[in-house]
Amino acid sequence: MSFPFFPAQASSSAEQVDHLFFGLLALSGLVLLIVFAPMIFFLFKYRRGMRVNRRLRSSSAVRLEIIWTAVSLLLSTGLFAWGAKVYLDLERPPAGGLEIHVIGKQWMWKAQHAEGNREINELHVPAGQTVRLILATEDVIHSFYLPAFRIKQDAVPGRYTQEWFLAKKPGTYHLFCAEYCGAKHSQMIGRIVVMPPAEYENWLKNGQPAESLARGGERLFRELDCSGCHMGSTVVRSPRLEGIYGKPAPLANGQFQVANEQYLRDSILLPQAQIAAGYEPLMPTFKGRVSEEELVQLIAYIKSLGDQRAP
Ligand code: CUA
């Protein structure tokens, strides 16, 4: 479809978003017609000077009321179910696939690939593969908006948010910040480059990153002396980190918290908030000491530790 208001449907979920949009538009149009057509008709019919019966009708319209209540109830519940299905599909990324960290900052988008490649206001991704973006911001709320993919997600201070897509075919598409974030908000734009998978592999290699995210995290882990407590120590003062990612972590208050990116982030910045079961609240906060980009590296390192238990 080349209707200029609508960019190409470039992602796997674009079509269902458009269907929902046009469905809502059609229904709204129908309701508009049902209300306005009789209204205009009666405007003329009962105009001053027209010879019509103007006595109040006393007949009850119970049956009519039941019908229109039931019909609109059915329609709105149906719309709710339809919208909820599309929303859940958009909110829940399929397992596996590529993970790319994106950090918003006044006024640019910074992307970090697992291999260590970094880019600004550009994002290279392979076609035909699920890509999960993990969003963070260094200052205010930004919103990562890809119109051709029909997805938009806020980057919110203090937490990670995510959005996912599967780009259908190679091409270059618009990238916008869709949340007013200051004087140069309108310049916080870029492009997303979808490449055939082999080309993307080449692009990664040719970028010659100094070190992968996980490697950078390992270096920081030592520099910040996280390793002093969390590794190789004979005195067990802190929970081991190998294999922790993605599993439920037991907390001192008896609850469990899945060790996802948000949990790891909070454990570094707000270590007193959730204490691991069986440990003293000894860990200092690293708030202000590590940047958003360093956090991404540290988390990538912890994720890379997998289940390899040290002897
Ligand atoms: Cu960032 Cu608007």
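Which residues, counting only those in the stretch 152-178, are within 14 Å of the ligand (Cβ to nearest atom), part of a loop (DSSP other than H, G, I, E, B) and within 14 Å of GLU261 (Cβ to Cβ)?
The one that is within 14 Å of the ligand (Cβ to nearest atom), part of a loop (DSSP other than H, G, I, E, B) and within 14 Å of GLU261 (Cβ to Cβ): VAL156.
When you go through GLY29, GLY78, GLY49 one by one, which is the residue that is open to solvent by less than 90 Å² (accessible area, probe 1.4 Å), of a type outside the set (A, V, I, L, M) and in a loop (DSSP other than H, G, I, E, B)?
Working: GLY29 fails: in a loop (DSSP other than H, G, I, E, B); GLY78 fails: in a loop (DSSP other than H, G, I, E, B).
GLY49 is the lone residue from the list that is open to solvent by less than 90 Å² (accessible area, probe 1.4 Å), of a type outside the set (A, V, I, L, M) and in a loop (DSSP other than H, G, I, E, B).
So which residues in the stretch 182-199 are over 16 Å from ILE151 (Cβ atoms) and touching a Ser or Thr at 6+ places or on another chain (Cβ under 8 Å), if there are any at all?
VAL193
Each row is one residue, and each column tells you yes or no for (1) open to solvent by less than 60 Å² (accessible area, probe 1.4 Å); (2) of a type in the set (Ser, Thr, Tyr).
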site: SER11; (1), (2): yes, yes
site: GLY23; (1), (2): yes, no
site: MET39; (1), (2): no, no
site: LEU43; (1), (2): no, no
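What are the residues in the stretch 119-155 that are hydroxyl-bearing (Ser, Thr, Tyr), open to solvent by 20 Å² or more (accessible area, probe 1.4 Å) and within 21 Å of HIS185 (Cα to Cα), if any? Let's see the steps before the verdict.
Kept after step one, since they are hydroxyl-bearing (Ser, Thr, Tyr), are these residues of the stretch 119-155: 130, 137, 143, 145.
Filter again for open to solvent by 20 Å² or more (accessible area, probe 1.4 Å), leaving 130, 145.
Once the filter is applied, which keeps residues that are hydroxyl-bearing (Ser, Thr, Tyr), open to solvent by 20 Å² or more (accessible area, probe 1.4 Å) and within 21 Å of HIS185 (Cα to Cα), the stretch 119-155 yields only TYR145.
GLY288 passes all but one of (1) loosely packed, with under 11 Cβ neighbours inside 10 Å; (2) more than 25 Å from LYS105 (Cα to Cα); which number fails?
Checking GLY288 against (1) loosely packed, with under 11 Cβ neighbours inside 10 Å; (2) more than 25 Å from LYS105 (Cα to Cα), the one that fails is (2).
Going by the conditions given, is SER60 in a loop (DSSP other than H, G, I, E, B) and not assigned by TED's automatic domain parsing to the domain that holds GLN16? Outline the logic, then answer.
Details: in a loop (DSSP other than H, G, I, E, B): yes; not assigned by TED's automatic domain parsing to the domain that holds GLN16: yes.
Here the answer is yes, as SER60 does meet what is asked.
When the stretch 99-118 is examined, which residues are found to be more than 16 Å from the ligand (Cβ to nearest atom) and open to solvent by 40 Å² or more (accessible area, probe 1.4 Å)? Spell out how you get there, then give the answer.
Step one: list which residues in the stretch 99-118 are more than 16 Å from the ligand (Cβ to nearest atom), which gives 99-101, 112-118.
Correct list: GLU99, ALA114, GLU115, ARG118.
Pick from the stretch 130-151 the residues that are within 12 Å of the ligand (Cβ to nearest atom) and not aliphatic (A, V, I, L, M): which of them is nearest to PRO7 (Cα to Cα)?
In the first step, residues of the stretch 130-151 are kept if they are within 12 Å of the ligand (Cβ to nearest atom); the result is 135, 137-145.
Then drop every residue that is not not aliphatic (A, V, I, L, M), which leaves 137-139, 142-145.
On the way: THR137: 27, GLU138: 30, ASP139: 30, HIS142: 22, SER143: 19, PHE144: 16, TYR145: 13 Å.
Among residues in the stretch 130-151 that are within 12 Å of the ligand (Cβ to nearest atom) and not aliphatic (A, V, I, L, M), the one nearest to PRO7 (Cα to Cα) is TYR145.
Yes or no: the stretch 181-193 includes at least one residue that is open to solvent by 70 Å² or more (accessible area, probe 1.4 Å), touching a helix residue (DSSP H, G or I) at 6+ places or on another chain (Cβ under 7 Å) and part of a loop (DSSP other than H, G, I, E, B).
Let us first name the residues in the stretch 181-193 that are open to solvent by 70 Å² or more (accessible area, probe 1.4 Å), namely 183-184, 186-187, 189, 191.
With the extra rule that they be touching a helix residue (DSSP H, G or I) at 6+ places or on another chain (Cβ under 7 Å), the set shrinks to none.
The answer is no; no qualifying residue exists.
The values are calculated or read from the model by the stated rules, or taken from the named source; none is laboratory data. The model shown is predicted, which means the values in this text are computed figures rather than measured ones. With ideal geometry, Cβ positions are generated from the backbone for all residues, glycine too; neighbour counts draw on all protein chains shown. Accessible surface areas use protein heavy atoms only, side chains included; no ligands, DNA or RNA. Shrake-Rupley method; radii C 1.70, N 1.55, O 1.52, S 1.80 Å.
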